[in-house]
Amino acid sequence: MKKIGTFLLLFVMLFALHAQDFQCQLSINSSQIAGSNRNKFNTLQQELYKFVNDRKWCQYTLKTNERIECAIMINLSEAAGDTYTGTMTIQLQRPIYNTNYKSPVLNFQDKSVKFTYEEGAPLEYAENSNLSQLTSLIAFYLNLFLGLDFDTFSLNGGNAYFNLAQGVVNACQNAPEPGWKSYETGQRNRYWIIENLTNPTYSKIHDFFYKYHRLGLDMMSESVDVGRASVLDAIRDLNKVNSQKSNIYIVQIVVQAKADEIVNIFKEATPVEKTEVIRLMKQIDPANSAKYNAINQAN
């Protein structure tokens, strides 16, 4: 019986390891909260790690090298009893074929984080329900990570996960916490992220993610010129989305993650490519126009 029990334990452990969908760095910083219980937040960080890794989020079985590489860093600034307010830094990166390079897909800050957590309380979650504001937040971003990652490998490959993220937003419409509603924060919140990604009007954003990564960066190990041409075509698609409605949130998020990378990609481009990409990026991101002049500076 002891051998059987040991075998079952090993099987469960191996299954849990095999079931992991993410390589996710999770951290909670409570240093701004005077006298806060550090052990409480250490425990919460451990529980969040289990919440992410012990649950099956992806409909496919991902190999170890296919797990989604991301980071969620919660920075708490205020406390009122067991209710906490702060920000959340969101990062997603994607390995590029046949290289050691990891391309940033997301790198931005969610400034509307508020949740309640009692020490020792279980982290409960169910699809299409808001059982816990904290687990809803994490589930929203995990599904967003999956959707964007799959979008970079196949055209519209992330639709199922964007729909799941939309379900989280729908479930939180009556929540008192901020970040979920259409009328908040000048269209710069979770509601508008997923609205932009599921709105057929902005369907070219999915073309951008696919062309930029799969047809662009992934091809550069075989032909830099071919890959760079596809990246430029992807930027044309991004500009089409921006032309439909300037300053939509998903375009701002994309530019925040990609601007420096785009500059580096096109420093070795042809004069014609340089001229076009500088023009496009200044249209898409006029606030940072000066940054794109660096494309004309050779490496």
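I'm trying to understand the selection: among the residues of region 61-76, which are basic (Lys, Arg) and open to solvent by 70 Å² or more (accessible area, probe 1.4 Å)?
Passing the criteria: only LYS63.
Scan region 124-153 residue by residue and report those that are among the acidic types (Asp, Glu) and surrounded by fewer than 24 Cβ atoms within 10 Å (Cβ to Cβ).
Result: GLU124, GLU127.
Out of the residues in region 32-81 that are assigned to a loop (DSSP other than H, G, I, E, B) and aromatic (Phe, Trp, Tyr), state the one that is farthest from LEU123 (Cα to Cα).
TYR60
With the checklist (1) in contact with a helix residue (DSSP H, G or I) (Cβ under 9 Å, 6 or more places away or on another chain); (2) open to solvent by less than 20 Å² (accessible area, probe 1.4 Å) in hand, flag the one item ASN156 doesn't pass.
So ASN156 meets the others, but not (2).
A quick yes/no check of all residues on (1) open to solvent by less than 40 Å² (accessible area, probe 1.4 Å); (2) charged (D, E, K, R):
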| site | (1), (2) |
| --- | --- |
| VAL226 | no, no |
| VAL231 | yes, no |
| ARG236 | no, yes |
| GLN244 | no, no |
| ILE265 | yes, no |
| GLU273 | yes, yes |
| MET281 | yes, no |
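Can you tell me which of (1) in contact with a Ser or Thr (Cβ under 6 Å, 6 or more places away or on another chain); (2) part of a helix (DSSP H, G or I) is the one ASP207 doesn't meet?
(1)
Where residues in region 177-204 are among the basic types (Lys, Arg) and part of a loop (DSSP other than H, G, I, E, B), which of them is farthest from GLY86 (Cα to Cα)?
Of region 177-204, the ones among the basic types (Lys, Arg) are 181, 188, 190, 204.
Remaining after also requiring part of a loop (DSSP other than H, G, I, E, B): 181, 188.
Details: LYS181: 18, ARG188: 16 Å.
Checking each candidate, the answer is LYS181.
Within region 97-123, track down each residue that is open to solvent by 10 Å² or more (accessible area, probe 1.4 Å), at pLDDT 95 or above and of a type in the set (A, V, I, L, M).
Within region 97-123, just LEU123 meets the criteria.
Go through (1) part of a helix (DSSP H, G or I); (2) out of contact with any strand residue (DSSP E or B) (no Cβ under 7 Å at 6 or more places or on another chain); (3) not charged (D, E, K, R) and name the single condition ASN174 misses.
Failed condition: (1).
What about CYS58, is it surrounded by 14 or more Cβ atoms within 10 Å (Cβ to Cβ), at pLDDT 95 or above and out of contact with any strand residue (DSSP E or B) (no Cβ under 7 Å at 6 or more places or on another chain)?
On the way: surrounded by 14 or more Cβ atoms within 10 Å (Cβ to Cβ): yes; at pLDDT 95 or above: yes; out of contact with any strand residue (DSSP E or B) (no Cβ under 7 Å at 6 or more places or on another chain): yes.
Answer is yes for this residue.
Search region 20-41 for residues that are in contact (Cβ under 8 Å) with a residue 12 or more places away in the chain and open to solvent by 40 Å² or more (accessible area, probe 1.4 Å) and pair each with any residue that is among the aliphatic types (A, V, I, L, M) and part of a loop (DSSP other than H, G, I, E, B) when their beta-carbon atoms are under 8 Å apart and the residues are at least 6 apart or on different chains.
Qualifying pairs under 8 Å: none.
The values are calculated or read from the model by the stated rules, or taken from the named source; none is laboratory data. No experiment lies behind these values; they were computed from the predicted model shown. Glycine gets a Cβ as well: all are built from the backbone with ideal geometry, and neighbour counts include every protein chain shown. When the accessible area is computed, the model is the full protein with side chains, heavy atoms only, and any ligands, DNA or RNA have been set aside. Shrake-Rupley method; radii C 1.70, N 1.55, O 1.52, S 1.80 Å.
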